[in-house]
Amino acid sequence: MDELTMLGTALAGPEPSADAVDRSRHRLRNTMRGGPAKPRRRKRWIVAGAGLAAAAAAAAVVVSDLSAPDARKEPVLSGRQVMLAAATTAESKPAASGTYWHTKLVLTMGKVTHVSETWTRSDGSTWLSAAPGLVSRVEKRPVMRISDLDFAGIQRLPTDPDRLKTALLKSVTVPAARERPELYTVDLLQSVLSEAPAPPKVRAAAYRALAAMPHIDNLGRTAGGYRLKISYMNDAGTRVDGTETIVVDPKSTQLRVEGWDGFGDGPNPVGPSQTTSGWTNTLPGRIVPWREQIPYIKKENQQLKAQNQNH
């Protein structure tokens, strides 16, 4: 199925299945990375030379200065140090709670902006919005994209970085992950931090696992933290095949993905994407049957198809 069908066809029916939504969200992520409209070369990571312990020691020196009001006195941090500073903060934060875990995705595709939101209770009950102001109760589903982990499974994730990566990769529901385990592991670690109601120690482990990656550059301060660029190498390890830009706030420990460049871009330019999440006690909007959201989704699909035909 063409990736531009997005949510429309996959979610058609009286109530979208968890599998249908997961496939649709995976196509959205594929679109953001320029595929599957155009085949991409496999990416791989160059093994990092420095260990986590050495990097953690370096980060410990600068954690206390991250909130210094005078930017001129602030030390210059590496991308790894930003990640490890966020890990240290995450580990010390108390666990938050609420009635619903709320996740919002805003994705720009050319002139079309897609917005979807979910609200999940600890028992797995889920509400979904893909049309402005409308919310529908849907069947229970995993908390994260491309993973079968539910709310309880997120709480049981390991707090050791290596064990966490292994557990996340085992939870993947996308067959292609077996061919590109490194890339999907990074995707899952970022999802733990941007989408999942993970406990503080699990969040800290996710940041430490990301900090162990090579080719992370700190591009400087931006709204909401530090902008970091992650470079993916080609199979031979001789050149950069594509880059990903994320924003990490070591104080709040929030992470958001801004976008990608390279990887064989598809026909539609993909602008910034942003996933935000957190606890809330209310369900905003008007509660309606899912079928009332379908016309809006179909209209969005038509806009995407028309945009695609103009390229």
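Summary of computed values
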item: Residue match in the stretch 182-191 (condition: touching a Ser or Thr at 6+ places or on another chain (Cβ under 7 Å), in a helix (DSSP H, G or I) and over 28 Å from Thr280 (Cα atoms)); result: no
item: Number of the condition not met by Ala176 [criteria: (1) closer than 13 Å to Ala205 by Cα; (2) surrounded by fewer than 17 Cβ atoms within 10 Å (Cβ to Cβ); (3) hydrophobic (A, V, I, L, M, F, W, C)]; result: (1)
item: The stretch 94-135, subset over 22 Å from Gly259 (Cβ atoms) and β-branched (Val, Ile, Thr), residue most open to solvent (accessible area, probe 1.4 Å); result: Thr99
item: Count - residues of the stretch 106-148 that are outside any strand (DSSP E or B) and either touching a helix residue (DSSP H, G or I) at 6+ places or on another chain (Cβ under 7 Å) or farther than 23 Å from Gln302 by Cα (or both); result: 16
item: Given (1) in contact with a Lys or Arg (Cβ under 6 Å, 6 or more places away or on another chain); (2) open to solvent by less than 20 Å² (accessible area, probe 1.4 Å), index of the condition Pro200 fails; result: (2)
item: Within the stretch 89-121, tally of residues that are under 29 Å from Ile294 (Cβ atoms) and among the small types (Gly, Ala, Ser); result: 2
item: Search result, residues across the stretch 149-206 that are closer than 28 Å to Trp119 by Cβ, in contact with a helix residue (DSSP H, G or I) (Cβ under 8 Å, 6 or more places away or on another chain) and of a type in the set (Lys, Arg); result: Lys201, Arg203
item: Enumeration of residues in the stretch 136-162 that are open to solvent by 20 Å² or more (accessible area, probe 1.4 Å) and either on the phi > 0 side of the Ramachandran plot or without any contact (Cβ under 8 Å) to a residue 40 or more places away in the chain (or both); result: Asp148, Asp150, Ala152, Arg156
item: Residue tally, condition touching a helix residue (DSSP H, G or I) at 6+ places or on another chain (Cβ under 9 Å) and open to solvent by less than 60 Å² (accessible area, probe 1.4 Å), over the stretch 222-244; result: 6
item: Leading residue by the ranking (farthest from the chain's Cα centre (by Cα)) among those in the stretch 245-255 that are open to solvent by less than 10 Å² (accessible area, probe 1.4 Å) and either among the hydrophobic types (A, V, I, L, M, F, W, C) or at negative phi (or both); result: Pro250
item: Check on Gly133, modelled with pLDDT under 90 and at positive phi; result: no
item: Among (1) at pLDDT 90 or above; (2) closer than 30 Å to Val288 by Cα; (3) touching a strand residue (DSSP E or B) at 6+ places or on another chain (Cβ under 7 Å), the one test that Arg227 misses; result: (2)
item: Residue ID - farthest from Ala95 (Cα to Cα), chosen from residues in the stretch 256-292 that are at pLDDT below 95, assigned to a loop (DSSP other than H, G, I, E, B) and open to solvent by less than 20 Å² (accessible area, probe 1.4 Å); result: Asn268
item: Filter result for Pro197 (over 17 Å from Ser277 (Cβ atoms), part of a loop (DSSP other than H, G, I, E, B) and not polar (S, T, N, Q)); result: no
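The values are calculated or read from the model by the stated rules, or taken from the named source; none is laboratory data. Every value quoted in this text rests on a predicted model; they were computed, and no experiment measured them. Quick reminder, even Gly has a Cβ in these numbers, built from the backbone with ideal geometry, and neighbours come from all protein chains shown. Heads up: the accessible areas ignore ligands, DNA and RNA and are worked out on the full protein's heavy atoms, side chains in. Shrake-Rupley method; radii C 1.70, N 1.55, O 1.52, S 1.80 Å.
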